Structures are given as C-alpha cells and as structure tokens.
Amino acid sequence: MQPNWDAVRDEVTRYLQALLRIDTTNPPGNELAAAEYLAGVLQAEGFDPIVLESAPGRGNLVVRLKGSGEEAPLLLMSHTDVVPAEPDKWQHPPFSGALADGYIWGRGAVDMKDTVAVFLMLMLLFKRRQDAGAPPLKRDLIFMATADEERGGHLGAGWLVKHHPDLIRAEYAINEGGGHEMRFGERRYFTVQTAEKGLARFRLTARGEPGHASIPHDKNAVVRLAETVARIGCSPLPTHITPTVRTLFLQLADDMEGEVGEFLRKAVEPEHTETCIHALPLPPIYRHLLMAMTRNTATPTVLQAGSKINVIPSEAMARVDGRVLPGFDHDTFYAELEPLLCEGVELEFEDWGPPLESPVESPLFDTIRAVLGDHEPDAGVIPWLLTGATDAKHVVQLGTKVYGFTPMRDEGDGGLMLAHQHNERISVNNLLFSTQVLYDVIDRFAGQG
Ligand SMILES: [Zn+2]
C-alpha cells in the first residue's frame, strides 16, 4: 500500500523548513543542532538514533531500521553542513526556510538538506509501515546525516568510517551526485552517478639561482615555474574512457540521430575522443565538462614568488587542483605530469581523495532504472561521472557500492545549478517527487516484493 502522498508532501516540507532554519554554515558547521533535531523526530517515532560528535559542535547522526537480515544493509548517506550565504543577495533570507511560490527557500535546499528531509521521511514511512504489520525489509536501512562534507568530510563521513565503521557498513549506498534531469537533444534523461573523480591536489616548487634582476640568467625560479604552470594549464592530459563514460556515450549515441550519434559513438575511442567532443553541437561549458570526464585534470590556481622587483628569487611556488579518474593513484597520475615539469621543478601531493567507480550494471542500478521507467516513461536513465568529490570517497573504503541518486526534475528553474548560489531553493513538487521515487526504489530493492 502506498503512503498518503498529500500528507507526506506537507510533512517532508516541514522537515526541510526546520532543517533550513538551523544555520549549519561550514565553517564553523554547528551540525550538532541539525543532528539533534533529526534525533528528536526519530525518537518520537520509536527509533534509537545515535548522535556522535567528531569535534565540539560537529554532530553526526546515524540511525538504523532493522530489516530481516536476509540481505546486507542499504545506506542512505547525506550531509547537514552547507556553504556560506550572502543574505543581502537573497529574495528570502537563506536561513528562513520560507515557503513561497511553491518553493522552499534556503541555503542547503538542493545541497543537500532536501535529501536529508527526504531520507528522514523515508525512514519514518518504512517504520510506520512495519509497525502497521507489513513484513520488515530484507535489508537494514541505515540513515546517516553527517558533518563537514563541504570541507572534505574529515569530521563527518570520514570520521565515521575511521571510528565507527560498523555503524554504517553497508553493501550499497544512495548518495548525492546524481538523479538530476538533463536534456540531450530532444530527449530527457535522469543521471545515476556511478563514478566520481578523486582529488589530487599538488604543489609545484621551482628552485633556481638567486641574483640581481639587472643581470638575467637561465636559472630563474619564476620562469621555471611559469613555464611549468603554462604547460600544465594548456596541454590536456591523455584521454581515458572509464566504463561509466563509455556506457554514457554509447547510450546517448543510440538515441541520437545522424552526425551527433556518430560523434558520440566514436568518442569512446581515446584517439578520437577530443576531436569528437569538440565537434558536438554543445555550449562550451558542456564540452569542457565532457573533456574533464575523459581525462585527469590539473588546474593551476595559486601562485607565489618573489617579493622585490629587482631580486630574482631562489624559489617559486604554485598550487594546482588536480582531479583523477577512477583507476588512478599517485604514481600513475604523477607519470602523466612528469613530462610537463621543467628543470628544477618538484611536484609534491598535498591532498588526496581516491576516485571511485561502482558497477554500471548492478541490482540497485537496475532497480533505479525500472522505478524511473514507471515514474518517467519518456526519460532515459544514464550513468554519470562526477568531476567533483562527495563523501562517497570515504564510504567506499568500507567496500560499499555507492550510487548518486537524489531524483529531481528539471523545472526550468536552475534545479541543482542553484547549489551554492544565491536564492537556492527547491520546489515542493520536486521534494515530493524525490520522496516518491526513492520510496519505490527502496521498496523494490529491499522490500519483500
Ligand atoms: Zn552536497
């Protein structure tokens, strides 16, 4: 029996409004207030939620709905922290949770307190169903709402993985990073994020000989650094086609007529990828995105050298934001960069988060495809590779297969593009859509059928 969706719409809206009114801007975070709010709602319905502080004020919530244990747990993973907002640029204040024009407004409305509210609602719905006499799910359902995702997750998901792995150990997880409607040509698609690039930030240090600027020489650290930075910034690294991108391109190719279909089909051959991407009739931003999905990237962002105009410094430094595809590690990424380093320039990794890829074919992916087929029969379902990073990088260390799927229709309002922007908001319709689709996914994936 399906829940009363009219009542659910109002209830999940209230949860989201309440969450948006708790200021969890990170830094400093203060996610404890959000964790305690969630714990209160869950306790009132007979759950035993756990709130753990990784540092003062940095609260993490974990709660479990016991299943029959026939199959391994399913984890619903979310974060409660948000990025800063500039209140004077908003139509409705960012921590108001205002309900206006069919939207719920606030920082975190799409990243990702919406999903925190949806997961909370789902936990309650499945518990109520069980309490009313329905058989338990085959899998434990674990809900986690953690701190610190926006700053790397080291005090949130990363901390839980390290200190309380048994609380969140699961075979599969549903995470942010996918589920959004996109249009290619005439067709609509929903993404399922199966892969995520890893973080590979590094520092370049150029060393040379100091001297007086009036007598130039060929061992100037500034010149060595500048040349290396220019090489790294201007030359795309080699192409690699991951299983996710291969499936994505070929599936889109099957749906597209004529030339576009041919370009996409040919784009899975690394020697043709770059030319084909540039030949696609897409706005530049999409071409850049497809380029980033098919290679490791290294983007210089910080430069530091010299302090006096007439002195050649002996050292110059740059920081580079690197992102690696699934399958790469320090050594294999370094091997691609090494030929670009000028004499006297050293590369040192500063921050590393592993890339990940879950199977493009799996029971959870198949379930998502089937459920979306019922809700959105005209839309396709495509695997997706995220060029950014989420908390999945922590959770996969427990062997969990993570899929990014927080369903959202494109209502022409910016949708997920509003994440981290002014006037972040989600429509009540989309909040309900997400709840309904995920309810069916969990029911079909973990229910007794
Ligand atoms: Zn997020």
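Scan region 328-362 for residues that are touching a residue at least 12 places away in the same chain (Cβ under 8 Å) and part of a helix (DSSP H, G or I) and report the count.
Residues in region 328-362 being touching a residue at least 12 places away in the same chain (Cβ under 8 Å) and part of a helix (DSSP H, G or I): 6 in total.
Return the residue satisfying two criteria in turn: it lies in region 383-411 and is closer than 21 Å to Leu160 by Cβ and hydroxyl-bearing (Ser, Thr, Tyr), and of such residues it is nearest to the ligand (Cβ to nearest atom).
Of everything passing the filter in region 383-411, Thr390 is nearest to the ligand (Cβ to nearest atom).
For region 159-187, which residues satisfy the criterion of being away from the ligand (no atom under 16 Å from the Cβ) and closer than 18 Å to Gly404 by Cβ?
The answer is Val161, Ile168, Ala170, Glu171, Tyr172, Glu181, Met182.
Exactly one of (1) in the same structural domain as Leu431 (by TED's automatic domain parsing); (2) on the phi < 0 side of the Ramachandran plot; (3) away from the ligand (no atom under 13 Å from the Cβ) is unmet by Gly156. Its number?
(3)
Of all residues in region 400-449, how many are at positive phi and in contact (Cβ under 8 Å) with a residue 24 or more places away in the chain?
Total satisfying the criteria: 3.
Quick check on region 136-146. Is at least one of its residues modelled with pLDDT of 95 or more and open to solvent by 30 Å² or more (accessible area, probe 1.4 Å)?
yes
All but one of (1) touching a residue at least 60 places away in the same chain (Cβ under 8 Å); (2) surrounded by fewer than 17 Cβ atoms within 10 Å (Cβ to Cβ); (3) assigned by TED's automatic domain parsing to the domain that holds Arg9; (4) not hydroxyl-bearing (Ser, Thr, Tyr) hold for Asp378; which doesn't?
(3)
Against the definition (in the same structural domain as Gln17 (by TED's automatic domain parsing), away from the ligand (no atom under 16 Å from the Cβ), over 16 Å from Asp111 (Cα atoms) and open to solvent by less than 50 Å² (accessible area, probe 1.4 Å)), how does Val428 come out, yes or no?
no
Can you name every residue in region 59-84 that is open to solvent by 20 Å² or more (accessible area, probe 1.4 Å) and either within 16 Å of the ligand (Cβ to nearest atom) or without any contact (Cβ under 8 Å) to a residue 40 or more places away in the chain (or both)?
Within region 59-84, Val83, Pro84 qualify.
The values are calculated or read from the model by the stated rules, or taken from the named source; none is laboratory data. Predicted, not measured: the structure shown is a model, and the values here were computed from it. Cβ atoms come from the backbone with ideal geometry, glycine included; neighbour counts cover every protein chain shown. When the accessible area is computed, the model is the full protein with side chains, heavy atoms only, and any ligands, DNA or RNA have been set aside. Shrake-Rupley method; radii C 1.70, N 1.55, O 1.52, S 1.80 Å.
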